[in-house]
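The values are calculated or read from the model by the stated rules, or taken from the named source; none is laboratory data. Every value quoted in this text rests on a predicted model; they were computed, and no experiment measured them. Cβ sites come from the backbone with ideal geometry, for glycine too, and all protein chains shown count toward neighbours. The protein model used for the area step is the full one, side chains on, heavy atoms only, and it has no ligands, DNA or RNA in it. Shrake-Rupley method; radii C 1.70, N 1.55, O 1.52, S 1.80 Å.
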Amino acid sequence: MGILTDEMKLALAEQRLIFAATVCPDGTPNLSPKGTIMVWDDDHILFTDLASPGTMRNLAHNPSIEINTLDVFARKGYRFKGTVAVHAGDELEKAVKERMRHGPSNVTGLADSVRAVVLIRVEQALPLISPRLLGRRHRGGYAP
C-alpha cells in the first residue's frame, strides 16, 4: 500500500484547480495553478508542463514541491509534499499523453500541447482543513 489513500486520489481527481508551490532560485515562494494533475500510482502524482516556464525553471533549480487541493465547499483538502522528476520525450510522457487522450474531458484536447511531464514522488500527505472547521471563535461563538 502506497502513501495515497483512495480518498486522496478521489480529491485529486475531482478538484480541477490545484496549486503547486515551488521555490524560486532567490528563495522566494512561487504558487501556480495546475489543471492537469493526475494520480499516476499509489506513491506518485503528476502534472504536465503546458505553459509553466517559471515552475519548470524553479524545479530545475530545486526539485521540492507541494501540491494543495481544496474542496472550497467542504473546506477540506490535502497537501502533498515531494520531489519531482521531469520527463520529456520518453515512455512516461507517451503514456501520460495517451491517458490524457482517453481520460477526463478537461484534459483530452491538451495532450499535443504537453512539453514535459512532472512526476512527483509523494513523501508526505496531510489533510488540509479550513480553520473554520477547527472550531475557532467566530462572532461570539464557534463556527460549525
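Data overview
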{"item": "Among residues of region 58-70, those that are open to solvent by 50 Å² or more (accessible area, probe 1.4 Å) and among the acidic types (Asp, Glu), counted", "result": "0"}
{"item": "Matching residues, region 99-125, being under 23 Å from Gln15 (Cβ atoms), surrounded by fewer than 16 Cβ atoms within 10 Å (Cβ to Cβ) and without any contact (Cβ under 8 Å) to a residue 24 or more places away in the chain", "result": "Arg101, His102, Ser105, Thr108, Gly109"}
{"item": "Qualifying residue in region 19-36 (condition: open to solvent by 50 Å² or more (accessible area, probe 1.4 Å), outside any strand (DSSP E or B) and hydrophobic (A, V, I, L, M, F, W, C))", "result": "no"}
{"item": "Filtered residues of region 37-57 (kept if of a type in the set (D, E, K, R) and either under 14 Å from Ala125 (Cα atoms) or surrounded by fewer than 13 Cβ atoms within 10 Å (Cβ to Cβ) (or both))", "result": "Asp41, Asp42, Asp43"}
